[in-house]
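The structure under discussion appears below in the form of structure tokens.
The values are calculated or read from the model by the stated rules, or taken from the named source; none is laboratory data. On a predicted model such as this, the values are computed, not experimentally measured, just so you know. Please note: Cβ atoms are built from the backbone with ideal geometry, for glycine as well, and neighbour counts cover all protein chains shown.
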2 protein chains.
Amino acid sequence: MGHTHVTVATSDEGPAVPVTIRDVARASGVHISTVSRTFSAPHLVNPDTRIRVLACAEDLGYRPNRAARALITGRTHNIGLIIADIANPFFPPLIKAAESQARHRDYHVFVADTNEDPATEEELVHALAKQVDGVLLCSPRMSNSLIEQLSREVPLVVVNRQVTGLPCVLMDVGQGARSAIEHLVGLGHRGIALLGGPRSSWTNREMRRAAGTAARAGGAELTVLGPNAPTETGGAAVAEQVRRSGVSAVLAYNDLMAIGLMEGLDALGVRVPQEVSVVGVDDITLSRLTRPKLTTVATPTGAAGRTAVDMLLQQDIESPRGARGPGAGTALGVRRTTAQVMLQTDLVIRDSTGPGPHARPARSLAAPHGPDPHCPAGPGIPTAATGDAVAS
Amino acid sequence: MGHTHVTVATSDEGPAVPVTIRDVARASGVHISTVSRTFSAPHLVNPDTRIRVLACAEDLGYRPNRAARALITGRTHNIGLIIADIANPFFPPLIKAAESQARHRDYHVFVADTNEDPATEEELVHALAKQVDGVLLCSPRMSNSLIEQLSREVPLVVVNRQVTGLPCVLMDVGQGARSAIEHLVGLGHRGIALLGGPRSSWTNREMRRAAGTAARAGGAELTVLGPNAPTETGGAAVAEQVRRSGVSAVLAYNDLMAIGLMEGLDALGVRVPQEVSVVGVDDITLSRLTRPKLTTVATPTGAAGRTAVDMLLQQDIESPRGARGPGAGTALGVRRTTAQVMLQTDLVIRDSTGPGPHARPARSLAAPHGPDPHCPAGPGIPTAATGDAVAS
DNA sequence: GGTGATCCTGCAAAGGTTTGCAATGAAGTA
DNA sequence: TACTTCATTGCAAACCTTTGCAGGATCACC
């Protein structure tokens, strides 16, 4: 496939002799247990010996074997992070926040991508189970019952899904959807479509429920279109359907779909926001770069990542896994506390929403939430004559 | 921070008694070695016993402990993937391709993000070393010598960096930069800026070298601006500098910077491509969504991920790590072959490049590579009057 | 019936580390 | 001096699995 071999060399730089605690012990003339303690309980070993051992270790290039350590302590100091789709820009901020938080607690994070596939998801939990101290399940696509079952194999914290009995970090997308619908109703829209996401998404159900209620309360009619793939392509694919449905506003499952939809509408010659208003969810970086800039419900992804790690570690610390020490053989009824945290969302009004067919002439209706707090840099780029018509 | 505790419940669903091979052995009335063989060498055990053991295992919910297995076999069936910045859309396709390829070979991939920080990078290699069979180092920021040193701790394959003696997967950014410069020169640009990326990036050096040569050959002057952070922000930050420098075209280290630069120029009232042409590198999805659409050098990220995994596994398979079996004690001079693969890049011409101040009137100069092969859907969206002016 | 081959299974060591317990020696106390 | 206390270190078991070796049974064949 169009690649060229530049070099094929061979060397005999062997992959290094693995140097163990035993080698260090021999070199420094102490017992292996002393070496072990030098690393895991330094205060128990004589300062002189300690520096000698450390010197030898340094010399030999010794690194503790975490796997072996984990085998006996039951703690790997790793946590797993299972993600529906790394390519979705929603996740990287969450991942980064989780990693940074974990690092502060001397933990490492292993990320794995499931391609939105429930089976892969389950497989990954199994694969990770014995190699990490706990797993963060982000926007899972598995069934709740399966998640509960898996949680008996390895401590779990669930993000973007409510599972009773398990610690969860949720984003208040219900509130977000409500704000979005109220915003649209306030702009004079009465026919609104909801672009659904994956069927098995908790977020999807929450949004649908809240949007339905809010629409009813506002005297608008809500058409649900979906489920769809939560991607740009998924959004573009329903553009035609949106046009036919005759709605004047759309709330999409996420920004990616919203952006795809805008592309699709554009291709059909439907102008946003003049003919159709579009609202997304997530406030990914990209939503500030499209023309028109996307009105969207901002979700606190960084906070979610941090919180989830905290909850996992907290739950983890009290119960040293694999603990069936002498005596405790039978009576292990470890009580664990499961908190569920709900994080706020915020409607960010930009340029993809405008007055609808039922707009009243006054200006009092527009922008009930004030200007975009996330774009303090001013009016940004004076684009071509298309966008920027936010009811003013 | 604006979050609400919804529930705090406690349950005594203990985190499950860890069930080992021994439990299964007891339950099915055989020796542990038979259980072990049932899983790792089924053909060696009597079909009857096998099904009995499997039934018991299923019953008890037994899962082999991969850490323990790794301890003795020396193979974890995991590979590590170290990435400079997950938030850079360049990487997800690479990650996905690597994961998929690894899965086919019955391997799992653990991804870790370094935040573009060399120290974190080194730390992660150490952390992963004993938990994976090999590591893919993508766009490393460490020094070559450190990489070589680390490669003695764990098998390494390097992506986007040339390290002699190590297997590398490279993208021909030299060729890419050359094509880009030739394209710009062909359009009549004589003052061209190169927006540099991170100082320690091999890609950065390669581009600089090739772009310099190509510019000289084309009678153009190349101004190097940088180093810069390889992000949107990094690109936006040099907009002012670009304007002052008086160049009529810019080749950016990557798409993110190119897009940031376009934003920045737009904010300064500089029109793209009428006043300044912009070329990126990577061809991330986003580059098709900006207005104007970005002309860019497409890099084969998927192929890179697949190739890298293949090379790692191939190198891995021949040398069963930690092999100092009886007899081989001293003489381990495992020869390993280190291939270096170079993958092609392609210039994708879109709307962010246009004729420069020295453009000849004829049309023969423009688009030496033909129209965008990646956008077969036709002319796309008829944007506002700004973009679309590609020398035709 | 003896010989050898084949199939299945058990035994035990090994892999690198942690950790409770015991042993040593020195210092402190009565 | 005898006794206690403390700091430091060694010993060996344990964690869970794999695997070379050997033993036992079964079978075919001469």
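Checked against (1) under 19 Å from B:ILE72 (Cβ atoms); (2) within 10 Å of DNA strand D (Cβ to nearest atom); (3) crowded, with 17+ Cβ neighbours inside 10 Å, A:VAL35 passes all but condition (1). Just to be sure before I move on: is A:ASP59 surrounded by 13 or more Cβ atoms within 10 Å (Cβ to Cβ), more than 14 Å from DNA strand D (Cβ to nearest atom) and in a helix (DSSP H, G or I) in the structure I sent? No: the conditions fail for A:ASP59. Being near DNA strand C (Cβ under 8 Å from one of its atoms), in contact with a helix residue (DSSP H, G or I) (Cβ under 6 Å, 6 or more places away or on another chain) and not charged (D, E, K, R) is a description that applies to B:ILE32.
Counting residues in region A:305-322 that are away from DNA strand C (no atom under 16 Å from the Cβ), among the aliphatic types (A, V, I, L, M), over 26 Å from A:GLN131 (Cα atoms) and at pLDDT 95 or above gives zero.
Restricting region B:56-69 to residues that are more than 14 Å from DNA strand C (Cβ to nearest atom) and small (Gly, Ala, Ser) leaves a set whose member that is nearest to the other protein chains (Cβ to nearest Cβ) is B:GLY61. Remark: pairs (first residue in region B:129-151, of a type in the set (Phe, Trp, Tyr); second residue part of a strand (DSSP E or B); Cβ separation under 8 Å; 6+ apart in sequence or on different chains) are absent.
Note on region A:135-159: residues that are within 13 Å of chain B (Cβ to nearest Cβ), part of a loop (DSSP other than H, G, I, E, B) and surrounded by fewer than 20 Cβ atoms within 10 Å (Cβ to Cβ) total 2. Contact annotation: residue pairs with Cβ atoms under 7 Å, 6 or more positions apart or on different chains, pairing a residue in region B:40-53 that is more than 14 Å from chain A (Cβ to nearest Cβ) with a partner that is in a loop (DSSP other than H, G, I, E, B) and within 14 Å of DNA strand D (Cβ to nearest atom), are B:THR49/B:VAL30; B:VAL53/B:VAL30. Would you mind stating whether A:THR4 is surrounded by fewer than 18 Cβ atoms within 10 Å (Cβ to Cβ) and either within 9 Å of DNA strand C (Cβ to nearest atom) or at pLDDT below 95 (or both)? Yes; evaluated as a whole, the condition is true for this residue. Of all residues in region B:121-134, those that are touching a Ser or Thr at 6+ places or on another chain (Cβ under 9 Å), within 11 Å of chain A (Cβ to nearest Cβ) and either under 23 Å from A:PRO89 (Cα atoms) or not in a helix (DSSP H, G or I) (or both) total 4. Of all the residues in region B:278-313, those that are out of contact with any helix residue (DSSP H, G or I) (no Cβ under 6 Å at 6 or more places or on another chain), of a type in the set (Gly, Ala, Ser) and away from every other protein chain (no Cβ under 11 Å) number 2.
Once region A:244-287 is narrowed to residues that are over 21 Å from A:MET207 (Cβ atoms) and hydrophobic (A, V, I, L, M, F, W, C), the residue that is modelled with the lowest pLDDT is A:ALA267.
Of A:PRO18, A:PRO93, all but one fail to be modelled with pLDDT under 90 and touching a Gly at 6+ places or on another chain (Cβ under 6 Å); the exception is A:PRO18.
Among the residues of region B:95-120, the one identified as within 19 Å of B:PRO230 (Cβ to Cβ), over 16 Å from the mean Cα position of the chain (by Cα) and at the interface with another protein chain (Cβ under 10 Å from one of its Cβ atoms) is B:THR120.
Going by the structure shown, is B:THR76 within 11 Å of chain A (Cβ to nearest Cβ), among the hydroxyl-bearing types (Ser, Thr, Tyr), within 16 Å of DNA strand D (Cβ to nearest atom) and surrounded by fewer than 19 Cβ atoms within 10 Å (Cβ to Cβ)? It is false that B:THR76 is within 11 Å of chain A (Cβ to nearest Cβ), among the hydroxyl-bearing types (Ser, Thr, Tyr), within 16 Å of DNA strand D (Cβ to nearest atom) and surrounded by fewer than 19 Cβ atoms within 10 Å (Cβ to Cβ).
Within this structure, B:ILE83 passes the test of being away from DNA strand D (no atom under 16 Å from the Cβ), of a type outside the set (D, E, K, R) and crowded, with 21+ Cβ neighbours inside 10 Å.
Candidates are the residues of region A:20-32 that are hydrophobic (A, V, I, L, M, F, W, C) and buried (at least 18 other Cβ atoms within 10 Å of the Cβ); the one that is nearest to the other protein chains (Cβ to nearest Cβ) is A:ILE21. Evaluate the following for A:ARG26: is it near DNA strand C (Cβ under 8 Å from one of its atoms) and either touching a Gly at 6+ places or on another chain (Cβ under 7 Å) or among the basic types (Lys, Arg) (or both)? Taking the combined requirement at face value, the residue does not satisfy it. A count restricted to region B:203-232 and to residues that are in contact with a helix residue (DSSP H, G or I) (Cβ under 6 Å, 6 or more places away or on another chain) and of a type in the set (Val, Ile, Thr) stands at 3.
Of the numbered criteria (1) β-branched (Val, Ile, Thr); (2) assigned to a helix (DSSP H, G or I); (3) in contact with a Gly (Cβ under 6 Å, 6 or more places away or on another chain), the one A:ILE79 fails is (2). Among the residues of region A:70-116, those that are among the aliphatic types (A, V, I, L, M) and within 16 Å of DNA strand C (Cβ to nearest atom) comprise A:ALA70, A:LEU71, A:ILE72. Counting only helices (runs of 4 or more DSSP H) that sit completely within region B:174-282, those holding 2 or more residues that are surrounded by fewer than 24 Cβ atoms within 10 Å (Cβ to Cβ), touching a residue at least 24 places away in the same chain (Cβ under 8 Å) and under 25 Å from the mean Cα position of the chain (by Cα) correspond to B:202-217, B:232-237.
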